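Peer 1: Can you keep this structure in mind? I'll have questions shortly.
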Amino acid sequence: MYKPPYQYQKSLIHQLIICLLMTKTGILALYLFTSLCSILNNPVKAEIFPTSIPWITNQQQCEHTNREWRNQKCWDNQHSLMF
């Protein structure tokens with residue numbers, strides 16, 4: 001039975017290890033890419049939450065900005081958590 005020289009065996013083992021690492025890296029990159037594409041194609045629906053606007057302190061300013069004055073506060077009914 002033929003035995004290749006030790007130097008050749010060592011080189012072959014290094015090449016196999018590099019191939020395995022590259023394959024794992026490629027699979028991980030592909031997984032991350034597909035996950036990112038999935039997230040970008042199906043964004044989370046932005047829910048709307050009423051929020052008081054602390055820097056608007058009177059009804060006139062509030063209504064001028066198309067917001068609602070209620071309980072001595074200016075409320076923005078279109079505030080999104082994605083903002």
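The values are calculated or read from the model by the stated rules, or taken from the named source; none is laboratory data. Just so we're clear, the structure is a prediction, and the values are computed from it rather than from any experiment. All Cβ positions, glycine included, derive from the backbone under ideal geometry; neighbour counts span all protein chains shown.
Peer 1: Restricting attention to region 54-63, does a residue exist that is among the aliphatic types (A, V, I, L, M), out of contact with any Leu (no Cβ under 6 Å at 6 or more places or on another chain) and modelled with pLDDT of 90 or more?
Peer 2: yes
Peer 1: Moving on. What residue, among those in region 1-53 that are among the aromatic types (F, W, Y) and modelled with pLDDT of 75 or more, is nearest to N71 (Cα to Cα)?
Peer 2: F49
Peer 1: Still on this structure: If you check every pair at least six apart or on different chains, which have Cβ atoms under 7 Å apart with a residue in region 47-61 that is surrounded by 12 or more Cβ atoms within 10 Å (Cβ to Cβ) first and a residue that is among the β-branched types (V, I, T) second?
Peer 2: As it stands, the answer is I56/T65, since those pairs meet every condition given.
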